[in-house]
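Report on the following structure.
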Amino acid sequence: PAFVLNRRLDILTANDLGLALYSPIYTDPVRPPNNARFIFLDPHATEFFRDWNKVANDTVALLRAEAGRNPYDRQLSDLIGELSTRSDAFRVRWAAHNVQIHTTGVKLIHHPVVGDLDLPFESFPLAADPSQSLLTYTAEPGSPSQDALSLLASWAASTAHHSNASE
């Protein structure tokens, strides 16, 4: 799975496996879909991210770093305002003033179709636009997570095939 995100954590584009992996995030009618909005405003996020507290802390730390880097970004201010007024969990974390940029780690996901995945990730700034980054997930070869990603890829392909057949 691969995604391109901006510093506000808007998902600008994703490959097919990325769309399938983050399918719960794409149910939000607000476009572009936003990781922070999903994490703090969607009740399914605590089930989707098995390590929700870590994901929530990391997300706020990234947004706090971006607010320091670009304090006049109106869309970022609007997002922070929305999250602050609608989420106690966000508001408490924002008040802690933690700043951190992390580009590698492991996401523990519970996908509604394929179950649990432990996915190492890396994030790379895009040379053409450093305000955007490529986020990629991998799975350990031969692991249950690799099997689940393969199943998810098959599910995504069959879902796309069925939607294309009905057009």
Is at least one residue of region 14-27 touching a residue at least 40 places away in the same chain (Cβ under 8 Å), part of a helix (DSSP H, G or I), open to solvent by less than 40 Å² (accessible area, probe 1.4 Å) and out of contact with any strand residue (DSSP E or B) (no Cβ under 8 Å at 6 or more places or on another chain)?
-> yes
Across region 40-49, which residue is surrounded by the fewest Cβ atoms within 10 Å (Cβ to Cβ) among those that are part of a helix (DSSP H, G or I) and in contact with a strand residue (DSSP E or B) (Cβ under 7 Å, 6 or more places away or on another chain)?
-> E47
Among the residues of region 55-81 satisfying the criterion of being charged (D, E, K, R) and closer than 18 Å to L5 by Cβ, which is surrounded by the fewest Cβ atoms within 10 Å (Cβ to Cβ)?
-> D78
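If I filter region 151-161 for residues that are surrounded by 14 or more Cβ atoms within 10 Å (Cβ to Cβ), within 18 Å of R8 (Cβ to Cβ), of a type in the set (F, W, Y) and touching a helix residue (DSSP H, G or I) at 6+ places or on another chain (Cβ under 7 Å), do I get at least one hit?
no
The values are calculated or read from the model by the stated rules, or taken from the named source; none is laboratory data. Computed from a prediction, not measured in an experiment: that's the story for all the values here. Note: ideal-geometry Cβ built from the backbone for every residue, glycine included; neighbour counts use all protein chains shown. Calculation scope for accessible area: heavy atoms of the full protein, side chains included, ligands and nucleic acids excluded. Shrake-Rupley method; radii C 1.70, N 1.55, O 1.52, S 1.80 Å.
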